[in-house]
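Accompanying notes for the structure given below.
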Amino acid sequence: MSVATHSASRGRRRAAGSWVAVALVISLACGCAPAGPPPADAATYGVHIDMNTPQGLHAKQTLDMVNSDWPIGPIGVHTLAVPAQVDNVVAALDRLWWDRPITVTSIDVGAGEATLHTLTSYGAAQDIALRTKDGGLVDRFKVTIQPPPIHEWADIDAELTKSGARYSYQVSKVIDGKCTTLAGSNLDQSLPLASIFKLYVLLAVADAVNVGTLSWTDQLTITAEDKAVGSAGFDHLPPGSRVSVHDAAQQMISASDNMATDLLIARLGPGAVDRALVAAGHHDPASMTPFPTAHELFAIGWGDPDIREQWQKAVEHGGSQGRARILELTNKNPYDPDPYRTHTPASGFGAEWYGSAADICRVHAALQTAAVGPAAPVRDILSATPGIDLNQSNWRYIGAKGGNLPGDLTFSWYAEDRTGQAWVVSFQLNWQKYRSLAAAEWLLSIAKQAFGLIPVG
């Protein structure tokens, strides 16, 4: 080819010209062509970033994009990454964008590479590593959570406090169905449960199976309205399809399937989950009565029309009757999500399922007590997806349920150590701002270290 005859110096001039062109495109795409002194990026992002290399330029571009009020899209990312990497980089930047502002603690720059050591708005440490190729565009982009070091229980409080969230966490020993706290904070504070609420639905299922009013093989029929709330496990099934109670319960716990949850609540009948709240020792069953379905609460929190303020008044002043009136209102129309509130927390209006760390321990203990006879499959349902990677030589059984709604992040585990001693570990975090899935990865890294602090016999 003719390019093979070019001299090395000419090749270097062409590469340099290509990079200058990229720099100009980035400047124009950002609407920030030179018109004065350069921005004080050290004050804005924490450290100064030298932009006289492609990797430095794109490190600065990355921070500009994720800290902008403009959402991330492929058009802007085409000025950052090679075409084959655009989709991956858009997804990575979008997660960072939701957790803005992103600040920099330090930066490492090497030949064609740069690594930004950063902090999210809630204090999670992340490394953003990028590599540039000939022509200056990024051909490798990776974001990695750096777990905070947890050496003692106080370190957990320190990290969760820095996050700015209202929080609760616990590590409790379970003996004969009773919980005794080993460590934790804010154990009696009622906070959003997110999908941990589904443990109460499973307890109602277990109770019904044990008394013979429900069978694991009973069939549930899917309707078009059922599918509106989303289904991770059964989304491929058309209306009219049937699933068993056992399969619905499994998907409710393992995949947090909302449609499966509502199918089970409907099959159990009015009051069944309300009774499970009482049986499990919830600190304030009346505050969750009538027990909302996923359809009902999603319609309140994120549906159109917006009835959040009506719900808030009912929660604060209307009692169970007031709650029932608003819940009935949501069932008069199909669930219609409001796209403008998809990422808006609803807990400020009381649109959530609520419970304390102590409640979470009690419902886990109640489920294990109920998992006998016909309801014995409950143990396998809970442990099918542990959700955490622990040393199997120390932990012989792990049942799990967590949840994630805008602004709310929760985890819980019922785990038996190698001696058979049972423990419940749970975390509840509540912000008045949406957090990306990176927050779940960060919190999971803390939870895993919390298990390491438990004195396993």
Report, largest value first, the span of the C-alpha coordinates of the range 197-336 along each principal axis, in whole Å.
42, 34, 22
State which helices in the chain qualify, where a helix is a whole DSSP H run, it must extend 27 Å or more along its own axis by its Cα atoms, and its mean Kyte-Doolittle hydropathy must be at least 0.0.
8-29
Could you work out how much longer the chain between Val47 and Ala286 gets when fully extended? Use 0.36 nm per residue separation minus the Cα distance between them, nm to one decimal.
80.8 nm
Simple SL model, points at 7 angstrom along Cα→Cβ for Lys448 and His343; separation in nm is 2.7 nm
Greater than 30 Å separation of Cα atoms is the criterion. Which listed pairs, Lys198/Lys448; Lys173/Lys313; Lys162/Lys227; Lys178/Lys332; Lys401/Lys433; Lys133/Lys433, meet it?
Lys173/Lys313; Lys162/Lys227; Lys178/Lys332; Lys133/Lys433
May I ask you to evaluate 6.51 cos²θ - 1.76 cosθ + 1.60, the Karplus curve with θ = phi - 60°, for each residue of the range 340-346 and list the ³J(HN,Hα) values in order in whole Hz, giving x for glycine and proline?
7, 10, 4, 10, 9, x, 10
Using alpha-carbon positions, what is the distance between the centroids of the range 192-243 and the range 372-401, in Å?
20 Å
Please label the shape of the range 360-457 as rounded, prolate or oblate, based on the square roots a ≥ b ≥ c of the eigenvalues of the alpha-carbon gyration tensor (a/c under 1.5 means rounded; beyond that, a/b larger than b/c means prolate, else oblate).
oblate
Tell me the Kirkwood radius of the chain: reciprocal of the mean inverse pair distance over distinct alpha-carbon atoms, in Å.
24.5 Å
Shape of the range 81-135, Cα gyration tensor, a/c cut at 1.5
oblate
For the range 48-71 and the range 251-282, what is the centre-to-centre distance using only Cα atoms, to the nearest Å?
47 Å
Partner lysines for Lys60 [C-alpha distance under 16 Å; skip if fewer than 8 residues away on the same chain]
Lys142
Along the range 103-112, Karplus-curve 3J(HN,Hα) (6.51, -1.76, 1.60; θ = phi - 60°) to the nearest Hz, with x for Gly and Pro, reads 10, 10, 8, 6, 9, 10, 10, x, 5, x
With a cut-off of 8 Å between alpha carbons and a minimum separation of six or more residues, what is the relative contact order of the range 292-418 in percent?
21 percent
If contacts are Cα pairs under 8 angstrom and at least 6 residues apart, what is the relative contact order of the chain in percent?
16 percent
Could you work out how much longer the chain between Arg242 and His78 gets when fully extended? Use 0.36 nm per residue separation minus the Cα distance between them, nm to one decimal.
54.5 nm
The chain - mean residue ellipticity at 222 nm from DSSP helices (-39,500 (n - 2.57) per run, n ≥ 4, rounded to 500)
-11500 deg cm²/dmol
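Throughout, read-outs are computed from the coordinates displayed, never taken from laboratory work. Only a predicted model underlies this, so the values are computations on that prediction, with no experimental measurement involved. Cβ coordinates were reconstructed from backbone atoms using ideal geometry, including for glycine residues, and neighbour counts include every protein chain displayed.
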